[in-house]
Structures are given as structure tokens and as C-alpha cells.
Amino acid sequence: QVQLVESGGGLVQPGGSLRLSCAPSGSRISIYTMAWYRQAPGKQREWVAIINTYGGTSYLDSVKGRFTISRDNAKNTVHLQMNSLKPDDTAVYYCNVAPPRSEYWGQGTQVTVSS
């Protein structure tokens with residue numbers, strides 16, 4: 001049973017930065033393509049960034065150049081560095097495998113971008 005625990009969210013002003021972390025338990029994530037997803041109020045959950053087992057990455061157009069996904073297989077963690085944050089980035093952020101598995105959704109971490 002894989003449990004994914006997200007952390008690092010918070011309240012930040014526009015233009016600020018946050019670094020999210022995902023620490024799974026029960027499995028080694030090095031064998032999975034991992035992704036960050038987000039769900040804003042009143043909207044469907046969407047993928048934000050993906051990293052495959054070789055370190056290849058892909059990003060949602062609206063976050064390209066601002067967000068960076070990375071993985072540390074030795075520490076069994078996945079990170080999302082978010083810079084130049086905008087109010088539209090406000091959402092609950094989740095990590096999961098890609099494509100996502102319903103049983104792996106965790107509680108997420110809230111990111112609020114507001115002045």
C-alpha cells in the first residue's frame with residue numbers, strides 16, 4: 001500500500017516561491033513516473049508537472065519557466081520548486097504516479113498566492 005504525503009505549502013505573496021515535497025511510504029518511487037497535480041476551488045484536478053524515471057520532465061504550459069519538478073531517488077522524494085507564483089496558482093497540490101492511481105491520492109498541501 002503506497003501512501004503519498006505532500007508538504008511545503010503555505011501562503012505566499014504574488015511573485016514569491018515555495019518548494020513542495022512528496023514523501024511516499026510503502027514503495028520506492030524510483031520505479032514510477034511521478035507527477036504533481038493541483039485542484040483549484042471549483043475546478044477539476046489538473047496535472048502540473050511530470051518526471052519520468054530517467055529524469056525527463058514535462059510541464060503544464062501555464063507553469064513552464066516558473067516551476068521545476070525534481071526527484072531524489074536515494075531519498076525517495078519528489079519536489080516541486082515554484083517560483084514567480086501567481087494568484088492563479090492557488091490550489092491544493094498533490095503528488096501521484098502518472099497516470100494517477102485513485103488509491104494513491106493523499107491529503108495534498110494547500111498553496112495560496114495572495115497579497
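Structure notes:
- Extension gain, Ser114-Ala74: 0.36 nm per intervening residue step, less the Cα-Cα distance, totals 10.9 nm.
- Sequence-separation-based contact order of the chain, relative, with Cα cut under 8 Å and 6+ spacing, percent: 37 percent
- Amide H within-cut-off set for Cys95, under 5 Å, with H built and near neighbours excluded: Tyr37, Gly106
- Accessible-area composition of the stretch 42-115, carbon plus sulfur, in percent [1.4 Å probe]: 46 percent
- Remark: the stretch 38-85 carries 56 Å² of accessible area per residue (probe radius 1.4 Å; ligands, DNA and RNA excluded).
- Sequentially through the stretch 39-52, phi angles give Karplus couplings (6.51, -1.76, 1.60; θ = phi - 60°) of 9, 8, x, x, 10, 6, 5, 9, 7, 10, 7, 10, 9, 8 Hz, Gly and Pro residues having no value and appearing as x.
- Look at the alpha carbon pairs under 8 Å that are at least 6 residues apart: their mean separation over the length of the stretch 75-115 gives a relative contact order of 44 percent.
- Residues with amide H under 5 Å from that of Ser58, placed H, sequence gap 5 or more: Ile50
- DSSP beta bridges in the chain [antiparallel fraction, %, rounded to 5]: 90 percent
- Loop-resident sites, the stretch 57-103, for trypsin sites (Lys or Arg not before Pro), counting at most 12 other Cβ within 10 Å (DSSP): Lys64, Lys75, Arg101
- Surface calculation, 1.4 Å probe, protein heavy atoms: Thr57 sits at approximately 70 Å² accessible.
The values are calculated or read from the model by the stated rules, or taken from the named source; none is laboratory data. Quantities reported herein were computed from a predicted structural model and do not represent experimental measurements. Don't worry about glycine lacking a Cβ; one is built from the backbone with ideal geometry, like all the others, and counts go over all protein chains shown. Ligands, DNA and RNA are excluded from the accessible area calculation, which covers all protein heavy atoms including side chains. Shrake-Rupley method; radii C 1.70, N 1.55, O 1.52, S 1.80 Å.
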